[in-house]
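**Student:** Handing you a structure now.
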Amino acid sequence: MKNTFDTFFKQLNISIIGGTGGMGRIFVKSLKDITNVMICSRDLKKAKSVAKQIGENIEFGVLEDCQNSDIVVVSVPLDNVLETCTNVIKIMKNGALLIDLSSVKSSIINNLEIPDSIEYLSAHFLFGPQGNFSGENIILIPVKGKQWIQKIKYLFEKLGSNVLIISNTEHDIKMSKIQSLFHFTILSMVIAMAKSKIEPNFYTRSFKMMIPNLKNLLNNLDVIFEIQKNNPFSKKERKFFAGLVNEISNLDHKEFEILVRKSFEDLEI
């Protein structure tokens, strides 16, 4: 099976729309020795420049050049995913596979009409542009067709990832907790610290160790706000957090200590 899939991917042509962006570049770099990759961008000069930076034998083009691709991957900002997918499926060849890498699924999947001539698989890489596939989690959501799912699962596992196959609703519910809730709690702390006007001279070592993570969030605020806005379960998790903080704030010291210690035991870290 392994050699069969390896040979299969060597013969494929994969186009990455948004291949000049952070996540798109990771995908291109990881696939360039496995299959034939083309970077697609609205800016042809930028696509050419990035292709040259990454390595030899990487093609470049615009969206219209995806018409002969076996797989088209859409890696663009969340607010542009639906429009980009809608445009590219009009030119994709019969039997081809569309993959989107959006971090919120329901709003895309429920509004995208996929013709019977192609298959559609939604994916979410649970790491940012600074990461890579090795040791990371990837979620796959089969939306239309069954011919490609095991091949794509094998591809990501070959790159070293742990692959989970779930539904789009389950994805959004779980991501509302691990993304929407997590981001909201950290950003709430940022707001509180700013309003408290704590001077850097008083930063503790543990707080200073958090600063690189806060800067990383700062550099990805656009994505974070898109997730907050588009995940249909974000608001529910924010309300849960607000109610929980209010409840915790009324505990006495011993009750608070017991709850925290128990929570650490229950949390898998």
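The values are calculated or read from the model by the stated rules, or taken from the named source; none is laboratory data. Every value quoted in this text rests on a predicted model; they were computed, and no experiment measured them. Cβ coordinates were reconstructed from backbone atoms using ideal geometry, including for glycine residues, and neighbour counts include every protein chain displayed.
**Student:** Could you say which residue among Ala51, Ala47 is in contact with a Cys (Cβ under 7 Å, 6 or more places away or on another chain), among the small types (Gly, Ala, Ser), in the same structural domain as Ile118 (by TED's automatic domain parsing) and surrounded by 14 or more Cβ atoms within 10 Å (Cβ to Cβ)?
**Tutor:** None of the others qualify; the one that does is Ala47.
**Student:** Among the residues of segment 63-71, is there at least one that is at pLDDT below 95 and outside any helix (DSSP H, G or I)?
**Tutor:** No, segment 63-71 has no match at all.
**Student:** Inspect segment 84-107 for any residue being charged (D, E, K, R), part of a helix (DSSP H, G or I) and without any contact (Cβ under 8 Å) to a residue 40 or more places away in the chain and give the result as yes or no.
**Tutor:** No - not one qualifying residue is present in segment 84-107.
**Student:** Further question on the same structure: Answer yes if at least one residue in segment 17-36 is surrounded by 20 or more Cβ atoms within 10 Å (Cβ to Cβ), on the phi > 0 side of the Ramachandran plot and within 18 Å of the chain's Cα centre (by Cα), and no otherwise.
**Tutor:** The answer is yes; a qualifying residue exists.
**Student:** Checking Gly131 against (1) over 21 Å from Ile34 (Cα atoms); (2) exposed (fewer than 15 other Cβ atoms within 10 Å of the Cβ); (3) under 14 Å from the mean Cα position of the chain (by Cα), which single condition isn't satisfied?
**Tutor:** Here Gly131 meets the rest and fails (1).
**Student:** Here are the criteria: (1) crowded, with 22+ Cβ neighbours inside 10 Å; (2) more than 22 Å from Ser176 (Cβ to Cβ); (3) within 16 Å of the chain's Cα centre (by Cα). Tell me which single one Ser102 does not satisfy.
**Tutor:** Of the numbered conditions (1) crowded, with 22+ Cβ neighbours inside 10 Å; (2) more than 22 Å from Ser176 (Cβ to Cβ); (3) within 16 Å of the chain's Cα centre (by Cα), the odd one out for Ser102 is (2).
**Student:** Next up: Does Leu251 count as part of a loop (DSSP other than H, G, I, E, B) and either over 19 Å from Leu126 (Cα atoms) or not aliphatic (A, V, I, L, M) (or both)?
**Tutor:** yes
**Student:** Regarding segment 140-156, can at least one residue be identified that is closer than 18 Å to Asn230 by Cα, assigned to a loop (DSSP other than H, G, I, E, B) and not acidic (Asp, Glu)?
**Tutor:** Looking for residues that are closer than 18 Å to Asn230 by Cα, assigned to a loop (DSSP other than H, G, I, E, B) and not acidic (Asp, Glu), one finds none in segment 140-156, hence no.
For every residue, the table says whether it meets (1) of a type in the set (A, V, I, L, M); (2) farther than 16 Å from Gln179 by Cβ; (3) surrounded by fewer than 11 Cβ atoms within 10 Å (Cβ to Cβ).
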residue: Ala192; (1), (2), (3): yes, yes, yes
residue: Arg205; (1), (2), (3): no, yes, yes
residue: Asn220; (1), (2), (3): no, no, no
residue: Gln228; (1), (2), (3): no, no, no
residue: Lys235; (1), (2), (3): no, no, no
residue: Gly243; (1), (2), (3): no, yes, yes
